[in-house]
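See below for the structure under consideration.
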Ligand code: DWN
């Protein structure tokens, strides 16, 4: 479908002293003509992608904090069951489970990255630092009993051993429990040409069609779906054991919509690939022109996605002065592949640039809101999703 060649680790922000030791892995995705699953061909070992010091902290965005508070409220109200025990896979810094903990509901976060797991514990979130699968599921069930609700938000698409994970859900979930998962939605990626969602951590690019094909052999069916605006367009899938609940109207409606999207057709992905190259060329050409005009251009948000954009589009450090990012662990480091310095937002505010390329385009509304002064002084944000253009108001 699309081959990005050798790419650095998307979240592998480098210390300047580590420059010579940067590793690259092949990055390419294929689409299954039978089940519409879109997935990476090569998988980087999880121990490399999710080290003890994982760079991404969920709680860096107010918008995500609100999103997870709403999800927690919904789970507490509708899905916690008669003997509540809520388990979250990839619970990161406790952004969701902190609300479940505050409500006094039995819960457990399963989070392999030690640094963010420690932050969750500090918020009162019961957390175990392991990679979830059948073995961990058995241990949890033995210690706590069955889970009434299991959640995996932006997690499932990261897990190479996905059948072991689903078997783990089967082991741990109570007979009438639900498994709620949300991930970037293939329909949005194709429609918005958001090719930067493709990087080493995202092994799967789900749709309802591929989710149903994936879960059915494990005895689960999708009973509800709900589009979410987060992460550039995500889909929430609510699963139950087959026969326990009937699929709702939204599932039927999305099934119908996906049948018109041609998700199994090679032509769909050939068209996507062509649009990716058009976007990349337009972005690079614009950055070269802005440099020639003597404008100062910086990056905003050292996202994982930005690694794909920078490296695949051939955007070099001479075109982007620095990338501003709120995450302390990324500051002082260099972006993977392009080696652009990451600086704290204070640097951005101290001497506003002319233009800022919005690598965190999925947080555009929050960023525009926060950076009113930059815009008032004539600064421009540059986006490339769904196409290359300047934005001056929330999208
Ligand atoms: O799936 C994944 C999602 C959930 O999160 C992971 N594979 C890794 C990560 O992807 P990402 O890095 O592309 O996520 P974000 O949320 O787009 O990253 C935003 C980045 O921008 C963070 O490093 C924080 C930064 N930021 C900022 O500097 N100022 C964000 C906001 C909102 C800001 O105002």
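The values are calculated or read from the model by the stated rules, or taken from the named source; none is laboratory data. Note that the structure is a prediction, hence the values are computed from the model and not measured. Positions of Cβ are generated from backbone atoms using ideal geometry, with glycine treated the same way; all protein chains shown enter the neighbour counts.
Would you confirm, using the coordinates I've provided, whether residue 337 is more than 12 Å from the ligand (Cβ to nearest atom), closer than 23 Å to residue 29 by Cα, part of a loop (DSSP other than H, G, I, E, B) and in contact with a strand residue (DSSP E or B) (Cβ under 6 Å, 6 or more places away or on another chain)? Full working, then the answer.
Details: more than 12 Å from the ligand (Cβ to nearest atom): yes; closer than 23 Å to residue 29 by Cα: yes; part of a loop (DSSP other than H, G, I, E, B): yes; in contact with a strand residue (DSSP E or B) (Cβ under 6 Å, 6 or more places away or on another chain): yes.
Yes.
Among 379, 314, 329, which is the only one that is more than 23 Å from residue 281 (Cβ to Cβ) and free of Cβ contacts under 8 Å to residues at least 60 places away in the same chain?
On the way: 314 fails: more than 23 Å from residue 281 (Cβ to Cβ); 329 fails: free of Cβ contacts under 8 Å to residues at least 60 places away in the same chain.
It is 379.
Go through (1) more than 22 Å from residue 75 (Cα to Cα); (2) surrounded by fewer than 16 Cβ atoms within 10 Å (Cβ to Cβ); (3) within 18 Å of the chain's Cα centre (by Cα) one by one and return the number of the condition residue 252 breaks.
In the conditions (1) more than 22 Å from residue 75 (Cα to Cα); (2) surrounded by fewer than 16 Cβ atoms within 10 Å (Cβ to Cβ); (3) within 18 Å of the chain's Cα centre (by Cα), residue 252 misses (3) alone.
Taking the condition within 16 Å of the ligand (Cβ to nearest atom), under 14 Å from residue 154 (Cα atoms) and crowded, with 21+ Cβ neighbours inside 10 Å, does residue 228 pass? Working first, answer last.
On the way: within 16 Å of the ligand (Cβ to nearest atom): yes; under 14 Å from residue 154 (Cα atoms): yes; crowded, with 21+ Cβ neighbours inside 10 Å: no.
Answer is no for this residue.
Only one of these is part of a loop (DSSP other than H, G, I, E, B) and either touching a strand residue (DSSP E or B) at 6+ places or on another chain (Cβ under 8 Å) or surrounded by fewer than 16 Cβ atoms within 10 Å (Cβ to Cβ) (or both): 18, 42. Name it. Working first, answer last.
On the way: 18 fails: part of a loop (DSSP other than H, G, I, E, B).
Of the residues listed, the single one that is part of a loop (DSSP other than H, G, I, E, B) and either touching a strand residue (DSSP E or B) at 6+ places or on another chain (Cβ under 8 Å) or surrounded by fewer than 16 Cβ atoms within 10 Å (Cβ to Cβ) (or both) is 42.
Does residue 364 satisfy being under 18 Å from residue 201 (Cβ atoms), out of contact with any helix residue (DSSP H, G or I) (no Cβ under 9 Å at 6 or more places or on another chain) and within 11 Å of the ligand (Cβ to nearest atom)?
So residue 364 fails the test.
Considering each residue of region 194-225, count those that are assigned to a helix (DSSP H, G or I), within 13 Å of the ligand (Cβ to nearest atom) and either at pLDDT below 95 or touching a strand residue (DSSP E or B) at 6+ places or on another chain (Cβ under 6 Å) (or both), and give that number.
Matching residues across region 194-225 total 1.
Going residue by residue through region 265-282, is there one that turns out to be under 23 Å from the mean Cα position of the chain (by Cα), part of a helix (DSSP H, G or I) and within 16 Å of the ligand (Cβ to nearest atom)?
Taking every residue of region 265-282 in turn, none turns out to be under 23 Å from the mean Cα position of the chain (by Cα), part of a helix (DSSP H, G or I) and within 16 Å of the ligand (Cβ to nearest atom).
Filter region 375-390 down to the residues that are within 23 Å of the chain's Cα centre (by Cα) and buried (at least 16 other Cβ atoms within 10 Å of the Cβ) and list them by number.
381, 382, 383, 384, 385, 386, 388
Considering only region 349-374, how many residues are assigned to a helix (DSSP H, G or I), more than 27 Å from the chain's Cα centre (by Cα) and crowded, with 16+ Cβ neighbours inside 10 Å? Quick ask: steps written out before the conclusion?
Step one: of region 349-374, the residues assigned to a helix (DSSP H, G or I) are 349-350, 361-370, 372-374.
Now narrow it down to the ones that are more than 27 Å from the chain's Cα centre (by Cα): 349-350, 373-374.
Next cut, crowded, with 16+ Cβ neighbours inside 10 Å only: 374.
Selection size over region 349-374: 1.
Of all helices (runs of 4 or more DSSP H) completely enclosed by region 46-163, which ones contain at least 2 residues that are under 20 Å from residue 230 (Cβ atoms) and without any contact (Cβ under 8 Å) to a residue 60 or more places away in the chain? Spell out the reasoning first.
On the way: elements: 46-49, 62-74, 97-102, 114-122, 134-144.
Hits in region 46-163: 62-74, 97-102.
If you take the residues of region 297-313 that are within 11 Å of the ligand (Cβ to nearest atom) and in a loop (DSSP other than H, G, I, E, B), which of them is nearest to residue 375 (Cα to Cα)? Quick ask: steps written out before the conclusion?
Filtering region 297-313 down to residues within 11 Å of the ligand (Cβ to nearest atom) leaves 299-309.
Now drop any that are not in a loop (DSSP other than H, G, I, E, B), which leaves 301-303.
On the way: 301: 17, 302: 20, 303: 21 Å.
This residue is 301.
Given 173, 214, which one is within 16 Å of residue 89 (Cβ to Cβ) and out of contact with any helix residue (DSSP H, G or I) (no Cβ under 8 Å at 6 or more places or on another chain)?
Working: 214 fails: out of contact with any helix residue (DSSP H, G or I) (no Cβ under 8 Å at 6 or more places or on another chain).
None of the other options fit; the residue is 173.
Within region 289-296, can one find any residue that is closer than 28 Å to residue 347 by Cβ and either buried (at least 17 other Cβ atoms within 10 Å of the Cβ) or modelled with pLDDT under 95 (or both)? Step through it out loud before you land on a result.
The first filter runs over region 289-296 and keeps only residues closer than 28 Å to residue 347 by Cβ, leaving 289-296.
Keeping just the survivors that are either buried (at least 17 other Cβ atoms within 10 Å of the Cβ) or modelled with pLDDT under 95 (or both) gives 290.
So far as region 289-296 goes, yes, one or more of its residues are closer than 28 Å to residue 347 by Cβ and either buried (at least 17 other Cβ atoms within 10 Å of the Cβ) or modelled with pLDDT under 95 (or both).
With respect to residue 46, determine if the residue is over 17 Å from the mean Cα position of the chain (by Cα) and either away from the ligand (no atom under 13 Å from the Cβ) or closer than 24 Å to residue 215 by Cα (or both).
Working: over 17 Å from the mean Cα position of the chain (by Cα): no; either away from the ligand (no atom under 13 Å from the Cβ) or closer than 24 Å to residue 215 by Cα (or both): yes.
The answer is no for residue 46.
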